[in-house]
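The values are calculated or read from the model by the stated rules, or taken from the named source; none is laboratory data. Bear in mind the structure is a predicted one, so any value in this text is a computation, not a measurement. In this analysis, Cβ positions are derived from the backbone assuming ideal geometry, glycine residues included, and neighbour counts consider all displayed protein chains.
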Amino acid sequence: MSIPFLDLSRQHKELASVLNASLERTLARGVYILGPEVEAFETEWAKFSSASSAAGVASGTDALALALIASGAVRPEHDDEVITSPLTAGYSVLAIKNAGGVPVFADIDPQALTLDPDPVRQAITPRTRAIMPVHLYGQLADMPAIKQIAKRHGLTVIEDAAQAHGATREFESGDSVPHAAAFSFYPTKNLGAIGDAGAAVSNDTTLIDRVKILRQGGHEPALQGSVPGRNSRLDEIQASILRVKLGYLDDWNERRRAIARRYNDAFKNTSLSLPEESKERRHVYHIYAVRSDRRDALQSHLRLRGIETMIHYPFLVHRQPLFRQAGSGNLPVAEREAKRILSLPLYPQLRDDEIQEVIDAVLEFEES
Ligand SMILES: Cc1ncc(COP(=O)(O)O)c(C=O)c1O
């Protein structure tokens, strides 16, 4: 049997009739960009995220970049610094560059693999304007500690929640610092479109209104023409798909969590380091990553058994030439853990027999 890392056609099969009906309605309406579907999705997504408002944009990368600009954290031609994690998709850091900011990397927590508050404190300079924690693999970063640092130093927090739909409900408790979160709806995400899409959410309606101006060129007088916008409009087809799938997201996340529990249980007496969840830091398992000192051998073993795995991410971002910064060399935890990570198949439609097959293959390797 062959087990792909992810098979999105299974999700489509489950939803084909409702998706097709929604598409037909949307197509027949004759409005294709930033229309009623986008508006309705924005309202629904803000509610789901416990924020007061949301702006739909063309991608998660743009959601991050526009939130950084709209919050005033990154200003044109100021070389404003944004502290983030080196263990993330390159897009996280590209968003900082695209906004006109300077990424600065801080080391990660050895268990959660998200930003470690102490190195974040040490990375602060007079140029620091924002912290961009990444909720890696679907688990919240240590938001209380990060917000506290931000408050103390007058910084903005822009969450990279691209992998954390349903994990981040930080807005519930009210904000003590300028704060927004950015989501990606890339098709593989926990909530995925059928193309590119993204959204920024916040309790700061002025910030979200600015994102809405910036996504359409940025021409409106509210910004006095001083900030270049871009074309980052969300289309009606993507919004209509997202609205349908949003109705299933909580169930899908619960299924992801159940599969993760099954893996964790099966692997608890092995040499693997497993994802751990604390009460305050919900995990929605966009990715289930184990860590092994024999990572490459484990991956080869699973490949021979027909099980596809991936590495998120094979290169730390601060090692990539575009992002190499002076002073970003000392990230020992990220350097060590990046060599050990391996992502196993985990998605809501993964069948129980397939889960068992992954478990058996991993245990067989562990006993070898
Ligand atoms: C952590 C993280 N940040 C940002 C992004 C960028 O999102 P998008 O691909 O929608 O631009 C992604 C996904 O690719 C991601 O996984």
So which of Gly198, Gly166, Gly174 ends up being among the small types (Gly, Ala, Ser), in contact with a Ser or Thr (Cβ under 9 Å, 6 or more places away or on another chain), modelled with pLDDT under 95 and over 23 Å from Glu77 (Cα atoms)? Gly166
I'm trying to understand the selection: among the residues of segment 27-65, which are among the aliphatic types (A, V, I, L, M) and more than 19 Å from His165 (Cα to Cα)? Leu27, Ala28, Val31, Ile33, Leu34
Restricting attention to segment 290-314, which residues are touching a Lys or Arg at 6+ places or on another chain (Cβ under 7 Å) and either part of a helix (DSSP H, G or I) or not hydroxyl-bearing (Ser, Thr, Tyr) (or both)? Arg291, Asp293, Arg295
In contact (Cβ under 8 Å) with a residue 40 or more places away in the chain, β-branched (Val, Ile, Thr) and surrounded by fewer than 21 Cβ atoms within 10 Å (Cβ to Cβ), is that true of Val102? yes
Based on this model, can you work out whether Gln224 counts as modelled with pLDDT under 95 and out of contact with any His (no Cβ under 9 Å at 6 or more places or on another chain)? yes
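Yes or no, residue by residue, for (1) within 16 Å of the ligand (Cβ to nearest atom); (2) surrounded by fewer than 13 Cβ atoms within 10 Å (Cβ to Cβ); (3) touching a residue at least 60 places away in the same chain (Cβ under 8 Å):
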{"residue": "Thr270", "(1), (2), (3)": "no, no, yes"}
{"residue": "Tyr285", "(1), (2), (3)": "yes, no, yes"}
{"residue": "Ala297", "(1), (2), (3)": "no, yes, yes"}
{"residue": "Arg303", "(1), (2), (3)": "no, yes, no"}
{"residue": "Thr309", "(1), (2), (3)": "no, no, yes"}
{"residue": "Phe323", "(1), (2), (3)": "yes, no, yes"}
Answer yes or no as to whether Ala67 is farther than 22 Å from Lys245 by Cβ, buried (at least 24 other Cβ atoms within 10 Å of the Cβ) and more than 16 Å from the ligand (Cβ to nearest atom). no
Of all residues in segment 328-338 being within 14 Å of Thr84 (Cβ to Cβ) and outside any helix (DSSP H, G or I), the one that is modelled with the lowest pLDDT: Ser328
Would you confirm whether any residue within segment 109-126 is under 19 Å from Ala67 (Cα atoms) and either within 16 Å of the ligand (Cβ to nearest atom) or surrounded by fewer than 24 Cβ atoms within 10 Å (Cβ to Cβ) (or both)? no
May I ask you to say which residue of Ser240, Ser232 is surrounded by 16 or more Cβ atoms within 10 Å (Cβ to Cβ) and either touching a Lys or Arg at 6+ places or on another chain (Cβ under 6 Å) or without any contact (Cβ under 8 Å) to a residue 24 or more places away in the chain (or both)? Ser232
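Residue-wise test of (1) without any contact (Cβ under 8 Å) to a residue 60 or more places away in the chain; (2) within 13 Å of the ligand (Cβ to nearest atom); (3) over 27 Å from Leu342 (Cβ atoms).
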residue: Ser71; (1), (2), (3): no, no, yes
residue: Val74; (1), (2), (3): yes, no, yes
residue: Gln139; (1), (2), (3): no, yes, no
residue: Glu159; (1), (2), (3): yes, yes, no
residue: Pro178; (1), (2), (3): no, no, yes
Quickly run through segment 86-104 and pick out the residues that are among the small types (Gly, Ala, Ser), assigned to a helix (DSSP H, G or I) and over 13 Å from the mean Cα position of the chain (by Cα). Ala99
Please specify each residue of segment 1-50 satisfying the condition of being touching a Gly at 6+ places or on another chain (Cβ under 9 Å), loosely packed, with under 14 Cβ neighbours inside 10 Å and outside any helix (DSSP H, G or I). Met1, Ser2
